[in-house]
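Taking it in order: structure first as structure tokens, then the write-up.
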Amino acid sequence: MYFRPGTLDEAVHVLAAHGGQILSGGTDFFPALGERPLPDAVVDVSGISEIRGIAVEADHIRIGGLTTWRQLIAAPLPRCFHALKSAAREIGSIQIQNRATVAGNLCNASPAADSVPPLLTLDAEVELASVTGSRRFPLADFIVGNRKTLRRSNEILASVIVPRSLDDAASAFVKLGARRYLVISIAMVAVVVKTNREGSVAVARVAVGSCSATAQRLTALETALVGAPARSGLGAKVLQEHLAPLSPIDDVRATASYRSDAARTLIARALDACMGSG
Ligand SMILES: Cc1cc2nc3c(=O)[nH]c(=O)nc-3n(C[C@H](O)[C@H](O)[C@H](O)COP(=O)(O)OP(=O)(O)OC[C@H]3O[C@@H](n4cnc5c(N)ncnc54)[C@H](O)[C@@H]3O)c2cc1C
């Protein structure tokens, strides 16, 4: 059975009545299917316009789950979204970015999902809709493992909500792959740095992806950066011990030790990019 509801309400009722797998842009859905037939029920959410697009409110920014990466890149957003926009520009190709959605990237929950580190540094939350109402979680809690989330099978990821506490902070995203374009990350890093009037780091947020089952914030490093002079060379503050929360694996793309070295270098580069010297 193939369903293409036109509203969120219709979609959650279809899911409650028939179950089925959600189809959005299809850029993860179809490659994951391989040679297998379609699931018995498919709920194509791509026609639900009410959860596509970005709303800038007084204290938060709401990104509809069906917003495509191209729509996000084109939207006027505060400076702290620079890293997320950079990540979006590196998702596949322009053709992929035209189809692929924010919710698809998060619900697919690949350790290499490029949007996760920038959204973690923005303290993003996700809102899930079902017939029984909505549930909201910090993104950091929502993704619980490699391709595992807290989403129940009858829920649709409707929105991503970003608080506007760091609008003017600098941010940067750096991704390492085996080649320049159309590449799955070996490691990627997002940072946000807010500077105070005295020229020191007031707030620092650092997240690393592809180096553990789920992307991780490096809170010990974030704490160590606070108070440091906000200038070129900030990246030198990164120590190997700050990477302790990571658990990189050996795979076809890179060895664990290479990933670990790369993560440290990428963090330093991202911090220096925020200082205008990257
Ligand atoms: C050639 C190619 C290159 C790529 N390069 C990158 C890359 O560089 N970086 C990267 O991070 N990703 C990359 N991807 C993966 C993919 O494009 C992204 O993850 C994309 O954002 C997925 O969005 P989608 O709308 O296509 O999801 P879909 O394929 O439609 O869905 C993905 C999963 O999420 C679920 N889902 C989708 N929407 C919802 C929703 N609203 N609520 C609940 N569940 C939902 C689906 O059931 C499915 O399990 C690439 C893919 C391809 C084919």
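Answer yes or no: is there a residue in region 82-90 that is within 12 Å of the ligand (Cβ to nearest atom), within 18 Å of the chain's Cα centre (by Cα), more than 15 Å from Cys107 (Cβ to Cβ) and at pLDDT below 95.
Yes, region 82-90 contains a residue that is within 12 Å of the ligand (Cβ to nearest atom), within 18 Å of the chain's Cα centre (by Cα), more than 15 Å from Cys107 (Cβ to Cβ) and at pLDDT below 95.
Starting from residues that are in contact (Cβ under 8 Å) with a residue 40 or more places away in the chain and either away from the ligand (no atom under 12 Å from the Cβ) or in a loop (DSSP other than H, G, I, E, B) (or both), keep the ones in region 32-48 and report whichever is surrounded by the most Cβ atoms within 10 Å (Cβ to Cβ).
If we take residues in region 32-48 being in contact (Cβ under 8 Å) with a residue 40 or more places away in the chain and either away from the ligand (no atom under 12 Å from the Cβ) or in a loop (DSSP other than H, G, I, E, B) (or both), then Val45 is surrounded by the most Cβ atoms within 10 Å (Cβ to Cβ).
Only one of Val226, Val174, Val201 is on the phi < 0 side of the Ramachandran plot and within 16 Å of the ligand (Cβ to nearest atom). Can you tell me which?
It is Val174.
Determine which member of the set Asp114, Asp123 is modelled with pLDDT of 95 or more and out of contact with any Phe, Trp or Tyr (no Cβ under 9 Å at 6 or more places or on another chain).
Asp123
When you look at Ser232, is it touching a residue at least 24 places away in the same chain (Cβ under 8 Å), under 17 Å from Pro117 (Cα atoms), part of a loop (DSSP other than H, G, I, E, B) and among the polar types (S, T, N, Q), yes or no?
In short, no.
For region 177-229, give me the residue count where each residue is touching a residue at least 40 places away in the same chain (Cβ under 8 Å) and of a type in the set (Ser, Thr, Tyr).
The number of residues fulfilling the criteria is 5.
Is at least one residue of region 155-166 within 21 Å of Ser247 (Cβ to Cβ) and either modelled with pLDDT of 95 or more or buried (at least 20 other Cβ atoms within 10 Å of the Cβ) (or both)?
no
Inspect region 24-31 for any residue being within 12 Å of the ligand (Cβ to nearest atom), without any contact (Cβ under 8 Å) to a residue 60 or more places away in the chain and surrounded by fewer than 20 Cβ atoms within 10 Å (Cβ to Cβ) and give the result as yes or no.
yes
Which count do you get for residues in region 99-144 that are more than 14 Å from the chain's Cα centre (by Cα), charged (D, E, K, R) and within 10 Å of the ligand (Cβ to nearest atom)?
Final tally of qualifying residues: 1.
How many of the residues in region 113-138 are closer than 20 Å to Met188 by Cα and surrounded by fewer than 19 Cβ atoms within 10 Å (Cβ to Cβ)?
The number of residues fulfilling the criteria is 1.
The values are calculated or read from the model by the stated rules, or taken from the named source; none is laboratory data. Every value quoted in this text rests on a predicted model; they were computed, and no experiment measured them. In this analysis, Cβ positions are derived from the backbone assuming ideal geometry, glycine residues included, and neighbour counts consider all displayed protein chains.
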